[in-house]
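First the structure, in the form of structure tokens, and then the observations on it.
Every read-out reported here was derived from the displayed coordinates using simple, explicitly stated rules and does not represent laboratory data. Note that the coordinates shown come from a computational prediction; the quantities given were computed from them, not determined experimentally. Cβ placement follows ideal geometry from the backbone for every residue including glycine, while neighbour counts extend to all protein chains displayed.
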């Protein structure tokens, strides 16, 4: 038993020695030399964005004895001057210990301070700071918009920095970056000070925008239908004291789509709402300003002119996770069957919240990656279809017939149409049920949704029998791409035949003689029967 105890003690001692050796071999403590400089690497960045480091404090250091000198840290002169004159932060101008105590006590206090400091630097209230700049590798937009944090794979490094505290401002990306503060100061350990390489992950958010039509990415509709659109956009996070918090949602409808202005409704969405209803109807002139006449986005580009634009009061909507915009529209009688009619939604927002005129745009239908094709379906597209009827002689199909009229029914109910040209009709809520072919015997029935229709003739051409049979017409487009499943490019073509009606032979023909002779015979028989009846009555 004693032998086992000795063995366990020996093993424990060896393990302790190995652990100590491992600890001392892992860390190398080299004295800081007067020529040593700091490096700071910032992670979780988009490619191609710009970073600027502003020095806030300096370090007093005795390089001969490798130790800090009291007081070890001091504000650089421009920062100290700003603090001393500030209504809220003047106490920190001569008391770094109080500053450190307050910043460590509250995250909100820390964010508010560094946001106010960044704003003062960016609006040139504070000048004369020592700065360093760098850029993340790559090109902004490569790989698409980084909607998720794991898509942020780039880093950027500042080198040759004097020891001190640095405020790092990140600008120019699609994401909205919070300022980063890094203390590139001597680090105590092993009885000495070192100046290791410093790094920090940045916090950021990306507002994105998406859109649906009738709850889908694309849909088939008629010119009679009311089309329902829904836009959803993230509300970005801006720190207190930021200068720029602009936030616009706009929409541009293509020709052929007509906006129902009064239908526009705006909601704030909060997933964490405890009241059951996660949506709150927002109020115009309080939460936002709506423009529907001569509307423009705040960004000058090819799509600056839009159908409507909503300018939000960020402070009124900042508590919501998302904004939802719903509205209605319809197709007009200029649309062509088989053609897609889309509209694009835009989100314009301040991406550099400390620069007043900074904007970045997210839009539906694009992913921001120049190396991949945009997806037009993300613009939400609606398609409509048509039927073209050609009226022909049954005995001679090359002969087109005029004067015919038709009706189209769905589920036994005749549909109504608006005439826009000779032989051209669009489905509507009110109008005519009987549609006439044009001078070439062609009838174009446009603005139809996919469904199974019944076509019937309501009036035949002069000299022809009216058809008693009806035609069943199926408009189907499973992929909703404007091409009917029978590959007819959105228009179902059909020939509707007629036969000539019954006619008497020409005057003097044998047929007329026979009819006249038969008439005389029947007339004689009738007269004879009449005389017989009179004679019988007289006898009585």
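A few remarks follow.
- Over segment 170-295, relative contact order from alpha-carbon pairs under 8 Å, at least 6 apart, %: 15
- Shape class of segment 233-310 from the alpha-carbon gyration tensor: oblate, with a/c at 1.5 or above and b/c at least as large as a/b.
- Per-peptide packing, taken as the mean over residues of other Cβ atoms within 10 Å, places 440-451, 89-100 in the sequence 440-451, 89-100 from highest down.
- Segment 209-382 shape via C-alpha gyration tensor axes, a/c threshold 1.5: prolate
- FRET efficiency for residue 97 and residue 451, using Cβ-Cβ distance with R0 set to 60 Å, rounded to 0.05: 0.20
- Residues residue 258 and residue 420, FRET efficiency given R0 of 22 Å [Cβ-Cβ distance, rounded to 0.05]: 0.90
- Under the simplified labelling scheme, the residue 140-residue 277 pair shows an inter-label distance of 4.1 nm, with each label point 7 Å from Cα along Cα→Cβ.
- Segment 402-471 and segment 36-115 have their alpha-carbon centroids 79 Å apart.
- Rounded to 5, the percent of DSSP beta bridges in segment 384-498 classed as antiparallel: 70
- For segment 332-481: relative contact order, % (alpha-carbon pairs under 8 angstrom, 6 or more apart): 21
- Inter-site label distance for residue 409 and residue 41 at 7 Å from Cα along Cβ, in nm: 7.7
- Cβ crowding within 10 Å averaged over residues, with 137-149, 244-256 ranked highest first: 244-256, 137-149
- For segment 33-205: rounded, prolate or oblate by the Cα gyration tensor [a/c cutoff 1.5]: oblate
- A crude spin-label estimate for the pair residue 50 and residue 487, with each label 7 Å from Cα along the Cβ direction, gives 5.6 nm.
- For segment 277-307, the residues whose amide N sits under 16 Å from a probe point set 7 Å from the Cα of residue 334 along the beta carbon direction are 294, 306-307.
- If R0 is 56 Å, the Cβ-Cβ spacing of residue 284 and residue 394 corresponds to a FRET efficiency of close to 0.35.
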